[in-house]
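Report on the following structure.
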Amino acid sequence: MLGFAFFCTVLIVAGLLLWRPDIPFDRLEAKYANAQSRFLDLPGGLHIHYRDQGVRNGPPIVMIHGYSAALQAWEPWVARLGDRYRIITLDLPGHGLTRAPDTYVASLDRYADVVDAVTERLKLGPYVVVGNSMGGGVAWTLALTQPNRLRGLVLVDSVGWPSPQDGGGSSLLYKALASPVGLWALKNLDTRWYAQSSLRAAYVEPSLVTPALIDRYVDLSRGPGHRTILLNIAPSGGAPVTAETLKRIKAPTLVMQGEADAIIPEAVGKALAAAIPGAKLVTYPGVGHVPMEQIPDLSAHDLRVFLQTVDPAP
C-alpha cells in the first residue's frame, strides 16, 4: 500500500511539473505577430490571422501551412517571391494566432471553406493556391470544390492518396491519438520533447531546428483552444480520396516532394503527380518535409518557373 501511495505521489508531482496551461493570445501576439500581421473575423467566432505581402497588384498566391505549423513557414518564399507576386499567408483555425472556439471541428473541407472565405473577403480574384502537408490537402480540396477560383495548384510534400499513414512516419503520434491517456497527455502536458523530435524528422537538417523554432511550435500549440482542435480534426465528408478523385482536378499543378521526407513518403508525392492530369513533379534528394524552409533558394526558383507558366496575361 505504501509503495502504491508513493507511486501515485510521483505521478502527481510529475504531472504538476509537466503541466502546461494555455498561453493567452495577447501574449502570443506580442511575441509572434509583426508589422505585416492582419486580422479578420469570419462567422462562427473565427478571428483569422493573416499576412498580405509582396506586390499589391501582383498575381495573387495563397499559401496554406501544415498540421501544427503556422504562416511563418512560408516567410522564406515570401522573401524570394514578393518582388513580383502578392502573397497571402494565414493561420488555420487551431493554429498560430488565429482564434477559434474550442468547439470548432476542423477538417480539410472546413479549412478549405475558411481559405475560400478569406480570399473572397480580400477580393483576390483567381489565385494560385500552395499547400504543404495537411495544407496540401486543403489546397487540392479547393481545386476540387472551387475550380473556377484557381489559376494553379502547388502541392508541397502534401497529404493525399495513398494515405500518409502508410509511410509510418508519425506512428508514435497515431498511437497517442488512439489512446485516451495519450490524448490527455498531448493536450495537457509539456510536449517539447515530441516537438523537437518531430521537427528534426521534418527538417532533416539539424541546424534548422533551433531553440527559437521549437519555442514557436510549442508556444503556438498552446493558444487557447488550439490543442483541443488539433487533437480532434475530423475526416472530411464524402467518399475516400482515390486516384479517380484527383483526376477531376483541372488546375495546372506542380507537385514538390522531398525524397527524404519521413512524414509524407516520396511515394505519396509521386502518386499525387501521377493521378492529377498534367501535373509536373519535382523531387529533391536529401530534402525532408519542408523544402520551402530547408532549401528556400532552389525550391523558390522552381516555384517561380511554374508560376510564370500560369501568370495572367499582361
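So here's what we get for this one:
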{"read-out": "Tensor-based shape of the stretch 208-295 (alpha-carbon gyration tensor, a/c under 1.5 rounded, otherwise prolate or oblate)", "value": "oblate"}
{"read-out": "Surrounding net charge for residue 138, when Lys and Arg each add one and Asp and Glu each subtract one, Cβ distance under 15 Å", "value": "-3"}
{"read-out": "DSSP-defined antiparallel bridges as percent of all bridges, the stretch 24-310, nearest 5", "value": "35"}
{"read-out": "Mean Cβ neighbour count within 10 Å, used as a protection proxy, ranking 213-219, 69-75, 54-60 highest first", "value": "69-75, 213-219, 54-60"}
{"read-out": "Exposure proxy ranking, count of Cβ atoms within 10 Å, fewest first, for 289, 47", "value": "47, 289"}
{"read-out": "Proximal charge balance of residue 72 [Cβ under 14 Å; K/R count +1, D/E count -1]", "value": "-3"}
{"read-out": "Per-residue Cβ neighbour rank within 10 angstrom, fewest leading, 105, 62", "value": "105, 62"}
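Since every read-out is calculated from the coordinates, none of them should be taken as a lab result. Since we're looking at a predicted model, the values are computed, not measured. Neighbour counts run over all protein chains shown; Cβ positions are idealised from the backbone, glycine included.
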